[in-house]
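The values are calculated or read from the model by the stated rules, or taken from the named source; none is laboratory data. Remember, predicted model here, so these are calculated numbers, not experimental data. Positions of Cβ are generated from backbone atoms using ideal geometry, with glycine treated the same way; all protein chains shown enter the neighbour counts.
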Amino acid sequence: MITFRPLSGAARSTGTGPLCYLLQIDDVRILLDCGSPNWSPETLDEPYPWEAYCDALKECAPSVDLVLLSHGDLQHSGLYAYAYSRWKLHAPAYTTLPVQAMARIATVEDIEGIREEQDIGEPPKPQEESSEPVDPEQRAQDEEPKPSTSRTGKCIATVEEVQNAFDIINTLRYSQPTHLQGKCQGLTITPFNAGHTLGGTIWKIRSPSSGTFVYAVNMSHMRERHLDGTVLMRGSSGGIFESLARPDVLITDAERADVTTARRKDRDSTFLDTITSTLSSRSSCLIPCDASTRILELLVLLDQHWSYSKLRYPICLLSRSAEEMLTFVRSMMEWLGGTINKEDIGEETHTRKKRRRADDDDEALGALALRFPHVQFFSDPQALLNRHSSKDPKLILAVPTSMSHGPSRNVFVDFAVVPENVILLTGRSEEGTLSRVLFDRWNALQQPEDRWDMGKIGNAIHLDGTLKLQLRSKVPLQGAELEAYLQEEKAAKEKEAARVAAAQREQQILEADADDSDSDSSDDEAEVREALGADLMDTSPDGDTDLSLHKSKRRRDEDDMDEDDWDMDDEGVTKQLLSYDIYLKGNVSKSTSFFKTSGQTQRFRMFPSTERKRRVDEYGELVDVGIWIRKGKVLEAEAETEDVKDFRKRKQLEEEAKAQQEPPSKFISTDVEVQLACKLLYLDLEGLNDGRAVKTIVPQVNPRKMIIVQASASAADVLMESCANIKSMTQDIFAPTFGETVQIGQQINNFSISINDELLKSLRMSSFEDNEIAYVSGRVVVHANTTVPSLEPLISNLTIASPAQQFIPKTLGSLPPVKLPQSALIGELKLTALKARLATVGIQAELIGEGVLMCGTGSKGSDGTISLADSVAVRKTGKGQLALEGNISNVYYVVRKEIYGLHALVAAQN
């Protein structure tokens, strides 16, 4: 049974949001992607726009068995760290190494930007277990699920949670099949190159009972400057990659099925000309960009243009993690492609390379190609202003693309009021963001034939009017607020110190009680204090124990012990005084006996008895556990490498410096009105397939069933109509909306059974791919000594004819009827494999389209002429059946023989 449910990014939805889908194959639940929405929309309504998605993901997260991430941006991986840390999404996760690193960088950049502007709050601390008995009703109340979102309703993790979550992800290489274990045993997953982003993945999932699944979203078949196109579409020979062709279920997006993108040459030319003309006119240009994926294409393009044109204007990149991201990319050159080669390095790098010392010759060429000498890095807008004046011409790349928070939003407020400045949008972003608001305004002012989805380059527009924005920031406390904060902090520290001191005193008393059996004669005083503690210790009003009062009472009681505490009454029973006995604490002198007697059993006081244990080993040496603990720490420190030590030291220094430099601060929100006066231009540089590519690739994949996701209603209808016009294309196409569950196939019950050794020896095995297949007929027997049923051969001599068969009249001389053995061909014929096999036996074959292979077209007769009479056509029908058409000839029999050879012939026993 196959079940598919979109948690976010469903078909017939509006806007470009996060992608997250739940695919269930039999009993295995697979989470495909785990993207995060925009947490700072321009208009925030209650309930929150992301509430339904987060609730659905939170509900199913604990039951997920496998997580597959396809791209390293926020749209596909941004919420994984939060779901792992707060919602128990602890299933094994798989992705490629670049996606793991890029998703980590993008998530950290996003959450740090938000936490610098808003008070998100801290994660809930784990509750400490207590040995004291707890009321069942109270325990049930404590175990009730509590809301895990912050006080703002936003699911934003901490940096530590992000690091821990992405550290446990399993990384794979392209075309590396992985056989899963545990509950997912039997499934095989294989990643393939999807293009669009570094390490972007098409996932192939193979199930032994449900077939093959291909999850391919956000692909790009075009070769870019830093990436090759998707492997799904082979650029050299055309056609579909054989390993991904004809899957049982294809899950793909149709976001751009109704979009026609302009030619790449025109887009790049307009992009560079706009930037050059703006800088030449002493104005600046702002490009909102992401933190890890698509920014690489922009940097390579700009670096090539700067080196070729010898421009001296600065390229300013506003991002906290840009240098870390580029350092990682330089180490992952095997994942890159496109046109990054020696020509991309530039003249300056060639000259520098000649002057390098001999010990630097092992530096990778790709590392030089991605140095970007024209790019300057800044962590915040203030650092940019400190180095470059606002009047100096410069190109600014600021994160994030949505402009909903962070540097890009702060720069926009001052940037948009300058008349000749230009804002270049390279993506549409999510609904409700500032970038989407600007894009909608630009698209509305274009001519109908120049809009973004019509295949032409639009024109820049002049923005006018005002735009109300809300700016959030974190400012240090000053004056009375700072003094009040310091006083509260001092009082909190004093209270915490008092609490710690009280806890330490209580811990010492408890340890004394626990160690009374191991103490020496010098520990008698501690034992007496432990015995008297419950009755003699007083408590101060704030909850702390008055230790001095306890000591004075103890001394007074010791002085009066002989004359008061052991006085005897007339009946010989001890008086109702304080007991010094560690076994009978409190005012206890009488108690009922366990055995039923005529009267009460008298209990007399006993003097404390201390059982001293040996503190030496068998050889008389004193045992000091602390020596072994200290020695273990020394060995661990020596085992650490220099890199680990340096990293620990550097991390500790950074944390100390951050704690010292960060002053007390508060979060404020300011409403501003921006007087728009700059220019605005949109150019589609997202690197995604348009409608023409989608309508060409999907029919060639030719899936048996298809599920459309991440598409508007019009885009989904366009793709479904295009597939309906193709005769050989499947008609089982689903476009589920949010909350809708699609069920494919029927429920299949699997059973385990063992085969009898005698029956196994009689089987005729046929080879098919990596499997051995045979036809078996027998009877199921359940033995008493095992729970697994056994399949045993049929007993022919016990077969009794039915009454109807006993009275069938027989003709004189006729032979008894014999049942013919059953046979079947198992396998799926691929015409490309048949073509290659026929070429080895000297028969030429050609694919003529519509699932038809013409065989024998190059055969020559005795007179040397090509004869078409011997040609044979192999046709695959829409239902998967195979038809062999042609005249009876040698070619016919050879083709039929090779077709049989590509299948497994399974025949029953006679």
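Of the strands (runs of 3 or more DSSP E) lying entirely inside segment 176-290, not one is found with 3 or more residues being basic (Lys, Arg) and under 30 Å from ASN421 (Cβ atoms). Of everything listed in (1) exposed (fewer than 13 other Cβ atoms within 10 Å of the Cβ); (2) at pLDDT 85 or above, the single unmet condition for ASN750 is (2). Pick from segment 456-475 the residues that are in a loop (DSSP other than H, G, I, E, B) and within 18 Å of LEU424 (Cα to Cα): which of them is farthest from the chain's Cα centre (by Cα)? The extreme case among them is ASP464.
Against the test of being in contact with a Ser or Thr (Cβ under 7 Å, 6 or more places away or on another chain) and at pLDDT 70 or above, the options GLU673, GLU638 yield a single qualifying residue, GLU673.
With respect to the conditions (1) β-branched (Val, Ile, Thr); (2) surrounded by fewer than 19 Cβ atoms within 10 Å (Cβ to Cβ); (3) in a loop (DSSP other than H, G, I, E, B), THR293 falls short on a single one, namely (2). Of the listed requirements (1) in contact with a strand residue (DSSP E or B) (Cβ under 6 Å, 6 or more places away or on another chain); (2) outside the structural domain of PHE415 (by TED's automatic domain parsing), TYR485 misses just one: (1). The set of residues from segment 180-195 being within 26 Å of ALA693 (Cα to Cα) and in contact with a Gly (Cβ under 8 Å, 6 or more places away or on another chain) comprises ASN193, ALA194, GLY195. For first residues located in segment 305-323 and crowded, with 18+ Cβ neighbours inside 10 Å, partners that are in a loop (DSSP other than H, G, I, E, B) and hydrophobic (A, V, I, L, M, F, W, C) and lie 6+ apart or on another chain with Cβ distances below 7 Å form the pairs LEU318/VAL399; SER319/ALA291; SER319/VAL399; SER321/ALA291.
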